[in-house]
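The values are calculated or read from the model by the stated rules, or taken from the named source; none is laboratory data. Since this is a predicted model, take the numbers as computed values, not measurements. Positions of Cβ are backbone-derived with ideal geometry, glycine not excepted, and every protein chain shown enters the neighbour counts. Only protein heavy atoms, including side chains, enter the accessible area calculation; ligands, DNA and RNA are left aside. Shrake-Rupley method; radii C 1.70, N 1.55, O 1.52, S 1.80 Å.
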Amino acid sequence: MSVEPSSPSPEIENLLAESRTFPPDPTFAAQANAKADLYEEAERDFEAFWAKRARERLDWSKPFETTLEWELPFAKWFVGGELNVSYNCVDRHIERGLGDKVAYHWIGEPGDTRTLTFRDLLREVSKAANALKELGVEKGDRVAIYMPMIPELPIAMLACARIGAPHTVVFGGFSAESLSGRINDCGAKVLLTADGGYRRGKEVGLKHHADEALASTPTVEAAIVVNRTGHEVHMVDGRDHWWHDIVERQSDDCPPVPVESEHMLYLLYTSGTTAKPKGILHTTAGYLLGTSFTHEAIFDVKPDDVYWCAADIGWVTGHSYIVYGPLANATTGILYEGAPDTPAWDRWWQIIEDYRVSILYCAPTAIRAFMKQGEAWPRKHDLSSLRVLGSVGEPINPEAWLWYREHIGGGRAPIVDTWWQTETGQILITPLPGVTTTKPGSATFPFPGIDADVVDGDGNSVPRGGGGYLVLKRPWPAMLRGIHGDPERYFETYWKRFPGMYFAGDGAKRDEDGYFWLLGRVDDVMNVAGHRISTTEVESALVDHRSVAEAAVVGKKDDISGQAIFAFVILRADQEPSDALAVQLREHVAYVIGPIARPKFLMFVPDLPKTRSGKIMRRLLRDIAEGRVLGDTTTLADTTVVDTIRENSGAAEE
Ligand code: WT7
């Protein structure tokens, strides 16, 4: 991994000079779930802090004996305890009289809707779990899920949790190859999928990708297919079952299986600095506690709130803050299948008005896209129900923060800018609404019980006002427990760089008041529209094409998506550069990884700038991509290379 010290961006410097602050509104503070004393309580004894909440908030079939066993880098939380996640997310609410409360208002992109109460959810989850059992799925067996944003997706996840079968959800935008890679890494026995879904007014097929993937996944014995679009699909005899056949005919009684606290709940694959995605391992009790407690405290969730996390369940944001955290808190949530601009750019604001949404959680990339369309769209709608706004996935620039506050939050709703990762499972750095004075663009402070720091290259804490690497210095309940099948890579990726500390891969700065400012990734990972994509993964996909000899990929600053993918491509000797080939190569990347990884810019180059030891100098490529004056070129092996690239520049843009 190449780690270059990060320098704070100019916006942040300017903002610090401007130093605008937003203290909590006293009326909000008076009714807030979280109070300032949480910080002191957690600092006194962080294990006792979490243990108390684990006893209060979760329903256990068997109480735990030990709060934490910590043998770096392996943590075990709530050892000796047993519980079931689906019982905690569904059954217990019904037992307490909330059977008729809405769990999800689902809105399909074409305009069809479905409402699921907690009682409906219990019935559907139980039937789906029984269908899995009929297919031979047992506790510990892995199940892959590849679906659009339809109610069957959270139902499928909870059905797995109900019988102790870990799931791996693969985002519906990933390709067949990405799907088969993940299935093979975890050895899934069954795949739950759909014929397709809707996106931007079009049907997007999934089953044909699933079929292609299943051609090379020997462990998969069966598939269940939801009929979402009604489009004709090929069903393989003896392997494929329609959801409306196999699930519908099951009994709606399926007793939840208690599992140990550290039983695997799911694997979720994420990009790292190599081409092979990492199966991030999350377990049961600590994860459920971490997600549900942060959800209630950070979003100030009350029993009658209508909460909308507008992410896709295929990413960790959806796992933690659409499914597990909110359902454990018996929250009413919105699930929307489609795009924000379909049929028009006010689709979200229409939904907020129609359902009186009170809490909205989304990504800066969405906020910037709305900003670009202008405030006339939100102004057409009554957004007065909104009382808390959240942001996640990438640094939010102060302009977008202020626009969000003004035009969506009516200058009234507090904004929580929440920093976390697939690996951390739960939010770790965030304001507490009603407690924290916010600064636009800062995620502010570590959540109670979390020990975060900014360190220099030697792991020494950087004094206030300085920048460096973000680290975490003690375990937290929802932390990853490892990388599936690769304990060494787990240690090397996260725990080796700074002994005794978890290294998140992000640069950060702390200002004079101790506020944390996240500065983006310091490794070769891009953040495109709030999703991590590794440069190496895109490079491998390009080199996989027969015309390509070598490729280098960098993230280019982008007004909307944060970063856009910029590919430099060297063709094989017998190939001629052309616009048609550029299109083909982009499509090839989309085919191999998924449309999210399709390079926005692609430039054919005769050579790449390298150090004398042959390492590609990405820093220079980033300078070229962003049209900047070149940085230090003294370590460049052949200085004419960059000049040649610059002379021929004019990258083909998508
Ligand atoms: C990376 C994790 C966690 C859910 C979504 C992304 C960046 C995330 C923030 C924030 C600045 C942020 C970091 C992090 N990131 N939230 N509030 N401010 N940066 O999950 O795909 O695992 O990506 O997203 O760079 O390392 P992920």
Margin query: Consider the stretch 53-82. How many of its residues are open to solvent by less than 90 Å² (accessible area, probe 1.4 Å) and of a type in the set (K, R)?
Written below: 3
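Here's the yes/no breakdown for (1) of a type outside the set (A, V, I, L, M, F, W, C); (2) in a helix (DSSP H, G or I); (3) more than 27 Å from the chain's Cα centre (by Cα):
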{"site": "K35", "(1), (2), (3)": "yes, no, yes"}
{"site": "L68", "(1), (2), (3)": "no, no, no"}
{"site": "F78", "(1), (2), (3)": "no, no, no"}
{"site": "Y87", "(1), (2), (3)": "yes, yes, no"}
{"site": "I94", "(1), (2), (3)": "no, yes, yes"}
{"site": "H105", "(1), (2), (3)": "yes, no, no"}
{"site": "T115", "(1), (2), (3)": "yes, no, no"}
Next item on the list: Kindly check whether there is at least one residue in the stretch 625-633 that is polar (S, T, N, Q), at pLDDT below 75 and either assigned by TED's automatic domain parsing to the domain that holds V204 or open to solvent by 30 Å² or more (accessible area, probe 1.4 Å) (or both).
Entry: yes
Margin query: Tell me yes or no: at least one residue of the stretch 572-593 is within 16 Å of the ligand (Cβ to nearest atom), farther than 27 Å from L428 by Cα and at pLDDT below 95.
Written below: yes
Margin query: If T437 satisfies all but one of (1) polar (S, T, N, Q); (2) open to solvent by 40 Å² or more (accessible area, probe 1.4 Å); (3) within 16 Å of the ligand (Cβ to nearest atom), what's the number of the condition it fails?
Written below: (3)
Margin query: Residues that are touching a helix residue (DSSP H, G or I) at 6+ places or on another chain (Cβ under 9 Å) and within 30 Å of H588 (Cα to Cα), at least 2 per element: which helices (runs of 4 or more DSSP H) completely within the stretch 153-257 meet that?
Written below: 176-186, 207-214
Check: From the set of residues in the stretch 299-342 that are assigned to a strand (DSSP E or B) and surrounded by fewer than 22 Cβ atoms within 10 Å (Cβ to Cβ), which is nearest to the ligand (Cβ to nearest atom)?
Finding: Y336
Notebook entry, point to check: When the stretch 374-390 is examined, which residues are found to be of a type in the set (G, A, S) and within 17 Å of D304 (Cα to Cα)?
Noted result: S384, S385
Margin query: Take A541 and tell me if it is surrounded by 19 or more Cβ atoms within 10 Å (Cβ to Cβ) and part of a helix (DSSP H, G or I).
Written below: yes
Item checked: Tabulated pairs, the stretch 430-453, first within 11 Å of Y515 (Cα to Cα), second within 15 Å of the ligand (Cβ to nearest atom) and acidic (D, E), C-beta under 6 angstrom, 6+ apart or interchain -> A443/D417
Check: Of these, W401, W345, which one is out of contact with any Leu (no Cβ under 8 Å at 6 or more places or on another chain), in contact (Cβ under 8 Å) with a residue 24 or more places away in the chain, more than 16 Å from the ligand (Cβ to nearest atom) and aromatic (F, W, Y)?
Finding: W345
